[in-house]
Each structure stands twice: as C-alpha cells, then as structure tokens.
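Let me give you the structure first, and then I'll get to my questions.
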Amino acid sequence: MTADTDDSQTPKPRRLGRYAMALLPLLVFGGIAGTAAKMLYEQDFHGKDVAAIPSALIGTKAPSLALPPLEGSKLPALTDAAIKGKLTLVNVFASWCIPCRDEHPVLRELAKDGRLNIVAINYKDQPENALRFLGELGNPFQAIGIDPKGAAAIDWGVYGIPESYLVGPDGTILYKRVGPFDDISLKEGLYPAMQKALAGGSSS
C-alpha cells in the first residue's frame, strides 16, 4: 500500500516543477518591462531631452471648452469664457495620477503670478476623489471642468497626464508640456513662452 501511494504521488512534484519553469520567463519579462517603463518615464518626464513634446496644436486656436464644473469645488465650469482674453495655463490632472500630485506644489506657486490664469481639466476622475485631492494639496485653479470620458482630452491631443497647455489671450496655444513641471521645463519652456506672450509675441 505504501509503495502504491508513493508511486501515485511521484508525478506531482514533477508537474509543479514544470509549471514553475513555465512561469519563470513571464516573471523575468515582467521585471524587465517594469524597469524599462520606469526608465522611459524618468527619461521622458524628468530628463532634459524631452522637456516639451511638440504638438500639432501649437500655433493654432485652442479647442472649444464647454466642460461641466466639479461639483463641490465652488469653482466655475471650464468654458471658453474662463480663458478668453487671459494668458492661461490649462492643466490636465487626476487624483489617481501620482505625477500630478508631485507637480501640484509647482502649480500653486505659479498661481501666485497674477498675470497667469490657471484652469484645469479633471480627467477620468471620481468627483469625490478630485475634491479630496484639492482639499489635501490646495487649489491653484480658477476654473475646473470635468472630463469623465476623456473626450476633451482627445480634442486637446493629450499624450499623458499631467499635461499643460499655455494659451494666449487670443486663444492660441503657445506651449505644451507633457509630464510634471520641473526646474528645467519651467526655465527653458514655460517661463520663456510666458514672457514672449506678455511681450506681445507668440511661441512656437
């Protein structure tokens, strides 16, 4: 009886071993993919080489805005009237976006510049989560429009959030930033574009 029992159970460890060997390449690939994704993120969003990704919309009129407000924020909806005649930074954010959280203190500092109107598109978010995000980190925005299905993001050619667009008083898109603002993108991208716009020129 003992011999029969041992023989019947002998293949099981072998099968488990085969399963483990089959899973090993997947685990290795997952680790490599995760490392590669992290490297690409750091290069694209934090490196100097890609401080601002070109957009076909730069130099053209900004897409029309008619987004409903974030209920509970006590801020107006994001419409064309919210940016008309003002040098405006349109920021696309979500509460679930970790880089958005990292960028938020920068937006709060930018909001102290009275020459710049900062508004937001809240992208595919839950209203209660967006309110909690703003309650915790502060609100730099003059208007917020919700984009629960991402339709407005498509119109604006959003590549990945956070994403920001500098729009001139005449409604022309002057500058685009993909990823969170850092010292390099501010000094070499946003600030020069702002100065040029305020001086009466346009950015490319």
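Determine which member of the set 154, 118 is free of Cβ contacts under 8 Å to residues at least 40 places away in the same chain and touching a Leu at 6+ places or on another chain (Cβ under 9 Å).
On the way: 154 fails: touching a Leu at 6+ places or on another chain (Cβ under 9 Å).
Unique residue meeting the criteria: 118.
Would you confirm whether or not region 153-175 contains a residue that is surrounded by fewer than 16 Cβ atoms within 10 Å (Cβ to Cβ), modelled with pLDDT of 95 or more and of a type in the set (Ser, Thr, Tyr)?
no
With the condition kept exactly as written, say whether any residue in region 153-163 is farther than 24 Å from residue 59 by Cα and of a type in the set (Val, Ile, Thr).
no
Does region 49-77 hold any residues that are of a type in the set (Asp, Glu) and either in a strand (DSSP E or B) or at pLDDT 95 or above (or both), and which are they?
If the condition is that a residue be of a type in the set (Asp, Glu) and either in a strand (DSSP E or B) or at pLDDT 95 or above (or both), then 71 is the only one that fits.
Out of the residues in region 91-112 that are among the acidic types (Asp, Glu) and in contact (Cβ under 8 Å) with a residue 60 or more places away in the chain, state the one that is nearest to residue 165 (Cα to Cα).
Going residue by residue through region 91-112, those that are among the acidic types (Asp, Glu) are 102-103, 109.
When the remaining residues are screened for being in contact (Cβ under 8 Å) with a residue 60 or more places away in the chain, the result is 102-103.
Working: 102: 18, 103: 14 Å.
Ranking the qualifying residues of region 91-112, first place goes to 103.
Going through region 64-86 one residue at a time, which ones are farther than 14 Å from residue 127 by Cβ and either among the polar types (S, T, N, Q) or surrounded by fewer than 19 Cβ atoms within 10 Å (Cβ to Cβ) (or both)?
64, 66, 76, 79, 80, 81, 84, 85, 86 - these are the residues of region 64-86 that are farther than 14 Å from residue 127 by Cβ and either among the polar types (S, T, N, Q) or surrounded by fewer than 19 Cβ atoms within 10 Å (Cβ to Cβ) (or both).
Considering region 192-204 alone, what residues qualify as being exposed (fewer than 14 other Cβ atoms within 10 Å of the Cβ) and modelled with pLDDT of 95 or more?
If the condition is that a residue be exposed (fewer than 14 other Cβ atoms within 10 Å of the Cβ) and modelled with pLDDT of 95 or more, then 192, 195 are the ones that fit.
The values are calculated or read from the model by the stated rules, or taken from the named source; none is laboratory data. Please read all numbers here as calculations on a predicted model, not as lab measurements. Note that each Cβ is placed from the backbone with ideal geometry, even for glycine, and that neighbours are counted across all protein chains shown.
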